[in-house]
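Remarks on the structure that follows.
Taken together, the values in this text are just the output of simple stated rules run on the coordinates, not laboratory data. All of these numbers come straight from a predicted model, not from anything done at the bench. Reconstructed Cβ throughout: ideal geometry from the backbone, glycine too, with neighbour counts over all protein chains shown.
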Amino acid sequence: MNNEKVGVSHVSGAVWRRSSHTREGNCVEIANVGRYVAFRDSRDPEGPRLHVHTAALGRLIEVIKAGGLDG
């Protein structure tokens, strides 16, 4: 993977989604942004965002499912 940056301009037209299990609007929203997944706080949609490469996110999900982060 490279150190390519994703700027705010790349997420301006993004479709943000949140879990159907959300209560009182307090949750993390996600958006698909090309080769990245963007995360933001639903209470602060204009605030900071985290961008994760889809391959890295996929690997993290695999590790979690396999119990790799269980204490």
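Over the Cα atoms of the stretch 8-65, what is the Rg over Rh ratio if Rh follows Kirkwood? Using only Cα positions, Rg/Rh for the stretch 8-65 is 0.98.
Label-to-label distance for residue 65 and residue 21 is 1.6 nm, based on points extended 7 Å past Cα in the beta-carbon direction. Among the GluC sites (Glu not before Pro) found in the stretch 12-71, those both in a DSSP coil and sparsely packed, with 16 or fewer other Cβ atoms within 10 Å of their Cβ, are 24, 46.
Please give the contour-minus-distance gain from residue 12 to residue 56: 0.36 nm per residue of separation, less the Cα-Cα distance, rounded to one decimal in nm. Display every interim value, and only then the final one.
Details: separation 44, 0.36 × 44 = 15.84 nm, distance 2.26 nm.
Net length gain for the segment: 13.6 nm.
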